[in-house]
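Have a look at the structure below before the remarks.
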Amino acid sequence: MRGGSKVKHVNHFLKDIKKNSIWLLMVLPGTIWFLLFSYFPMFGTVIAFKNFQYDPGGFFASVWNSEWVGFDNFEFLFSTNDAFIITRNTLLYNLVFIFLGLVLAVFVAIVLSELANKKLAKVYQTGMLFPHFLSWVVVSYFVFSFLSVDKGLLNNILAWFGVDAISWYNETEYWPYILVFMSMWKGVGYGSIVYLAAIVGIDRNYYEAAMIDGANKWKQIRHVTIPMITPLMIILTIMNVGRIFNSDFGLFYQVPRDSGALYPVTNVIDTFVYRGLTTMGEIGMSTAAGLYQSVVGFILVLLTNYLVQKVDKEYALF
């Protein structure tokens, strides 16, 4: 009986595969990508617990023959004088990015959806989306053209008003605002696409019912649009919380042009690991930092999702 039951399950499974073969074929490239770049590299996390030394036999031989050091790489990572600074910067910047990114993306999506001239709305949307596709290397040169001490546009404007030029790449107090502004400028347009698609998909009958009840445009947004996209806002926020210990390397490394004077406000975990890897060749330490970021992000996703479940299960990610 058990053998017959297993055969039935196998046949049912094969029928499901045949029935959904087209859909499975469509997701196959994405599945292969995740396997190659997200799952297979997980085996390399063992380097975080070893003193990695190159072996002529190749990478796998190097991993196998390297000395096991336990949590020494983690201790090295957090025993430095910069441990508090890089953790603080990473957390605070990402908290600001998550909050402002959510507010501005939803705001832009609502504005674009309310524009009467749809052709003009597409022009605006394209213009706001364009920065997302620019490399941070290119953006860093744009920023430098504004902030250069002798030829920068901002210093030329200050000189026109009789104000002394500012050495932007040596003054730390300006850069938290500059980095936040650049992150929003580059990412809000792309982030608003998802919310715009959700708003467009809202049943127009809700708006018609609201207009019959005498609701103006603001009340329609407040009582129809925002509640309808709230589940999406919560899900994306939960996913962003999972990346709160990861930073946009190009933003924090390229835009400040790796200025040592700005490290107190621009040094984050990713840039710290990169500098440690390039100057000291600490592969084990960099792997430990990556594992630390991933584990903390995973825990934060579970914790945030748990808290959302306590408030409303329908809004939870899983």
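Assorted remarks:
- Residue in the range 28-43 that is open to solvent by 100 Å² or more (accessible area, probe 1.4 Å) and more than 26 Å from the chain's Cα centre (by Cα) present: no
- If the condition is being open to solvent by less than 60 Å² (accessible area, probe 1.4 Å), within 27 Å of ASN89 (Cβ to Cβ) and hydrophobic (A, V, I, L, M, F, W, C), then the range 166-206 contributes ILE166, TRP168, TRP175, ILE178, LEU179, VAL180, MET182, MET184, VAL188.
- Qualifying residues in the range 263-285 (those that are among the hydroxyl-bearing types (Ser, Thr, Tyr) and open to solvent by 10 Å² or more (accessible area, probe 1.4 Å)) - the one nearest to PHE181 (Cα to Cα): TYR263
- Elements of type helices (runs of 4 or more DSSP H) contained in the range 34-120, each with 2 or more residues being under 30 Å from ILE199 (Cβ atoms) and either of a type in the set (A, V, I, L, M, F, W, C) or modelled with pLDDT under 85 (or both): 83-114
- Any pair with Cβ under 8 angstrom, 6 or more apart, that starts in the range 207-228 at a residue that is over 18 Å from GLU314 (Cα atoms) and open to solvent by 60 Å² or more (accessible area, probe 1.4 Å) and ends at one that is at pLDDT 90 or above and not hydrophobic (A, V, I, L, M, F, W, C): MET211/GLN220
The values are calculated or read from the model by the stated rules, or taken from the named source; none is laboratory data. Please read these numbers as outputs of a predicted model, since none were measured by experiment. For neighbour counting, all protein chains shown are included, and Cβ atoms are generated from backbone atoms with ideal geometry for every residue, glycine included. Heads up: the accessible areas ignore ligands, DNA and RNA and are worked out on the full protein's heavy atoms, side chains in. Shrake-Rupley method; radii C 1.70, N 1.55, O 1.52, S 1.80 Å.
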